[in-house]
Amino acid sequence: MVASILVFLFGGITMLLSLQLPLGTLRMPGSGLFPLGLGLILMGLAACQILQPRLRAAASAKSGGGGGTADGSAHRVLVFLGIMALATALLDLLGFPLVAFLLMLALLQLLGARRWRDSALIALLTAGASYILFVRWLQIPLPKGWIGL
Amino acid sequence: MDVLGSFQHLLTGFGVATTLENLSYCLIGAIVGTLVGVLPGLGPIAGIALLIPATFGLNATSAIIMLAGIYYGAMYGGSTTSILINVPGETASVMTCIDGYQMAKQGRAGPALAICAIGSFVAGSLAILGLAFLAPPLAEAALAFGPPEFFALMVFGFVVLSNVTGGSLLKALMMAVVGLIIGTIGMDPVTGNPRFTFGTVSLLGGIEFVAVAIGLFGIGEVLVNVEQSAEVMEQRVLVPRFRDLYPTLQDLKQSLGAILRGTGIGFGVGLVPGPAPVIATYASYMVEKRISKHPERFGHGAIEGVAGPESANNSACQAAFIPLFVLGIPFAPPTAILLGALLIHGINPGPTMISEHPDLFWGVVASMYIGNFVLLLLNLPFVPLFANILRIPKKVLLPLVMLFCFTGMYSVNNFIVDLWVMLGCGALGYLMRKWAYEGAPLLLALILGPKMEVAFRQSLMISHGGFAIFLARPVSLVFLLGTLMFLLMPLIKGALRSFSRRATAKA
């Protein structure tokens, strides 16, 4: 139900934004016509989904509790995403090798690695290997950051 | 183009594919694909998307040879986990679990894996011949397609894909429209005006499809796995010992018919829109069970139950290249990613591609043949080696996959904004799994969106604003009638079901 409402709103916003673009005519369609039609179709489909009582029941059964968090650890997913977001935000500042090391270390600890020493070793090895693969071998200009590597 | 002409071109293709450079890329693609297939959680879609940046320095032919290798390599690799640990490496291997795992429990993992490799090789090779000889005449026929036909075909493709993804048709259609809307971000493909960019230069080129693919299919899957308990994270997979690796003559005899039937089913299904390998494996399994003299063996380690579906999935995977190369319209997400890769390399697939880029088309076709041979050699003796990857615990594997997604994504354009899009799509992919929404229609629509809009607007311009053009052209009309049929199918099915229920209640 929540998802259908979000999709309905997304369709509505698309329509509003499309109206600010030149619509043209059917003979010579402008930039806004196609997305305007798509927004309208999306709102219609989402409305059907919301209004269909049988589907609504199935959807609420699926989204409520039936999603299957194994041990109520949906918060771990949020922390996991938070770590990824932090790594993205710090990539330019700290540089790829350091961010790769810290990212691996944090994720390994989050997912239940027992000892810091083991995690640090795995993080160091994987960050080093990815640095050699991407930066040295494939010559991809990844951010150097303040360590300058 | 006649058969002899196709044969000559195929020979030229072998000349292209057997250069040392292309052979190496074919080998890399096949190995990486097998790994991608073996690793649960990293399917061919995310696998191909991740490797696209690695092809930037290559010419288009070598790039597509490598990326296509990942696709069909993943089909081979997916069977390994299905048989050994009853976990399909990718969705097309689900049917292989049923009898493959039973065979493994009986100590016959070796023959099961070997028959997978042999069946996949035979099916892949035959399907490639089909691709080589069917694609050129189909391309000539497709030259008659104008914008209305292409538009109607794409609408048909989305509706069929939405119908066969397994979940709710309405939800799948919603995701296809969301994908089309996301595809309108960036420059208007007709006028060049910026659209929904909010003044940001980095959005002018549109939303990077690689970021969406990795987010929805790679990170979304990892996030679902992250929810699992600490015990699951710690678990190491117990890979059964291999008593013998090679199938007996009796195994081969029993499998031959299943392999050939699976090849035919897979090829036919691969030509139509939808997740072809998944449908093909299911259809093949059902056919084998139905025609078997001992259907009770199925589910208890029948080798035909492994040979048929595995052949069907490889054959479907090769046949799926026909709509991609001939029409420029992929019918499934992995080929949609390949379309994106072709566009990045400056190749616009369509009816004229075979004549304009014969080296690429025939080189890729020939490389698939070589790739299948490489995979046969690789899979038979090295299966135990690949199986060892499964011994890495998830708590180490998941961060590794994330690091690879993170680095691979940044490498595409060197834009931080792509990483944010990838993370956003990862969260979206996770929620979509929770709410039972399909990601495949969204991704396909995102990639095909600009093409569809151009075809739609050109059709209106040709007809001076009349929608009747879509009904006036016979090919377009057929596709639209087909679309209507697929849209009404759930309603008809529901009505028939309630009618039969009422009839039973009365009786």
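The values are calculated or read from the model by the stated rules, or taken from the named source; none is laboratory data. Quick caveat, the model's predicted, so the values are computed rather than measured. Positions of Cβ are generated from backbone atoms using ideal geometry, with glycine treated the same way; all protein chains shown enter the neighbour counts. Note: accessible area is taken over every heavy atom of the protein model, side chains too, but ligands, DNA and RNA are not part of it. Shrake-Rupley method; radii C 1.70, N 1.55, O 1.52, S 1.80 Å.
For (1) modelled with pLDDT under 90; (2) not small (G, A, S), each residue gets a yes or a no:
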residue: B:H464; (1), (2): no, yes
residue: B:F470; (1), (2): no, yes
residue: B:P474; (1), (2): no, yes
residue: B:L481; (1), (2): no, yes
residue: B:L488; (1), (2): yes, yes
residue: B:L491; (1), (2): yes, yes
residue: B:G494; (1), (2): yes, no
residue: B:S500; (1), (2): yes, no
residue: B:A505; (1), (2): yes, no
| field | B:A54 being in contact with a His (Cβ under 9 Å, 6 or more places away or on another chain) and either closer than 30 Å to B:L223 by Cβ or touching a residue at least 12 places away in the same chain (Cβ under 8 Å) (or both) | value | no
| Failed condition for A:L86, given (1) under 22 Å from the mean Cα position of the chain (by Cα); (2) loosely packed, with under 15 Cβ neighbours inside 10 Å; (3) within 9 Å of chain B (Cβ to nearest Cβ), with all others met? | (3)
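Please verify whether B:D359 is buried (at least 19 other Cβ atoms within 10 Å of the Cβ) and acidic (D, E), treating the condition exactly as stated. Break it down into steps so the answer makes sense when it comes.
Working: buried (at least 19 other Cβ atoms within 10 Å of the Cβ): no; acidic (D, E): yes.
Spelling it out, it is not the case that B:D359 is buried (at least 19 other Cβ atoms within 10 Å of the Cβ) and acidic (D, E).
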| message | Exactly one of these conditions fails for B:A109: (1) surrounded by fewer than 24 Cβ atoms within 10 Å (Cβ to Cβ); (2) more than 14 Å from chain A (Cβ to nearest Cβ). Give me its number. | response | (1)
| Looking at the range A:12-31, which of its residues are at the interface with chain B (Cβ under 8 Å from one of its Cβ atoms) and either closer than 17 Å to B:V454 by Cα or open to solvent by less than 40 Å² (accessible area, probe 1.4 Å) (or both)? | A:T14, A:L21, A:P22, A:T25, A:L26, A:R27, A:M28, A:P29, A:G30, A:S31
| Across the range B:1-38, which residue is surrounded by the most Cβ atoms within 10 Å (Cβ to Cβ) among those that are assigned to a loop (DSSP other than H, G, I, E, B) and without any contact (Cβ under 8 Å) to a residue 40 or more places away in the chain? | B:T19
| task | Hey, can you tell me all the residues within the range B:52-105 that are within 14 Å of chain A (Cβ to nearest Cβ) and surrounded by 24 or more Cβ atoms within 10 Å (Cβ to Cβ)? | result | B:I52, B:A63, B:M66
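Here are B:L446, B:L400, B:L385, B:L419: which of them is more than 7 Å from chain A (Cβ to nearest Cβ), closer than 30 Å to A:L91 by Cα and either surrounded by fewer than 24 Cβ atoms within 10 Å (Cβ to Cβ) or not polar (S, T, N, Q) (or both)? Even if it seems obvious, please write down each step before you answer.
Numbers: B:L400 fails: more than 7 Å from chain A (Cβ to nearest Cβ); B:L385 fails: closer than 30 Å to A:L91 by Cα; B:L419 fails: more than 7 Å from chain A (Cβ to nearest Cβ).
Only one candidate qualifies: B:L446.
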| task | Identify the residue in the range B:121-139 that is at pLDDT 85 or above and within 22 Å of B:I45 (Cα to Cα) and, among all such residues, is most open to solvent (accessible area, probe 1.4 Å). | result | B:F121
| Tally, over the range B:313-338, of residues that are over 18 Å from B:G33 (Cβ atoms) and in contact (Cβ under 8 Å) with a residue 60 or more places away in the chain | 7
| message | I'm trying to understand the selection: among the residues of the range B:424-439, which are assigned to a helix (DSSP H, G or I) and surrounded by fewer than 23 Cβ atoms within 10 Å (Cβ to Cβ)? | response | B:G424, B:A427, B:L428, B:L431, B:M432, B:R433, B:K434
| request: Run B:V160 past the list (1) in contact with a strand residue (DSSP E or B) (Cβ under 7 Å, 6 or more places away or on another chain); (2) in a helix (DSSP H, G or I) and report the number of the one that doesn't hold. | output: (1)
| query | If we scan the range A:59-80, do we find a residue that is on the phi < 0 side of the Ramachandran plot, modelled with pLDDT of 90 or more, open to solvent by 30 Å² or more (accessible area, probe 1.4 Å) and under 24 Å from the mean Cα position of the chain (by Cα)? | reply | yes
| If you go through the range B:299-315, how many residues are modelled with pLDDT under 90 and open to solvent by 10 Å² or more (accessible area, probe 1.4 Å)? | 3
| field | Candidate set: the range A:93-135, residues that are farther than 17 Å from B:L398 by Cα, within 11 Å of chain B (Cβ to nearest Cβ) and touching a Pro at 6+ places or on another chain (Cβ under 6 Å); chosen: the one surrounded by the fewest Cβ atoms within 10 Å (Cβ to Cβ) | value | A:Y131
| query | What is the number of the single condition among (1) open to solvent by 30 Å² or more (accessible area, probe 1.4 Å); (2) modelled with pLDDT under 80; (3) assigned by TED's automatic domain parsing to the domain that holds A:F10 that A:C48 does not meet? | reply | (2)
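Select, from B:A112, B:A60, the only residue that is more than 21 Å from the chain's Cα centre (by Cα) and at pLDDT 85 or above. Let's see the steps before the verdict.
Values: B:A60 fails: more than 21 Å from the chain's Cα centre (by Cα).
Only one candidate passes the filter, namely B:A112.
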| field | Residue ID - modelled with the lowest pLDDT, chosen from residues in the range A:104-149 that are farther than 30 Å from B:G57 by Cα and of a type outside the set (A, V, I, L, M, F, W, C) | value | A:R114
| message | Return the residues of the range B:462-507 that are more than 28 Å from the chain's Cα centre (by Cα), crowded, with 17+ Cβ neighbours inside 10 Å and either outside any loop (DSSP other than H, G, I, E, B) or within 14 Å of chain A (Cβ to nearest Cβ) (or both); say none if nothing qualifies. | response | B:S463, B:I469, B:F470
| note | By residue number, the members of the range B:186-229 that are within 9 Å of chain A (Cβ to nearest Cβ) and assigned to a helix (DSSP H, G or I) are B:I219, B:V222, B:L223, B:V224, B:V226
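Only one residue in B:F121, B:F145, B:F133 is part of a loop (DSSP other than H, G, I, E, B) and of a type in the set (F, W, Y). Which one?
Numbers: B:F121 fails: part of a loop (DSSP other than H, G, I, E, B); B:F133 fails: part of a loop (DSSP other than H, G, I, E, B).
Result: B:F145 is the single residue among B:F121, B:F145, B:F133 that is part of a loop (DSSP other than H, G, I, E, B) and of a type in the set (F, W, Y).
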| task | Mind listing just one residue for me: the one in the range B:332-354 that is assigned to a loop (DSSP other than H, G, I, E, B) and buried (at least 24 other Cβ atoms within 10 Å of the Cβ) and, of those, modelled with the lowest pLDDT? | result | B:A332
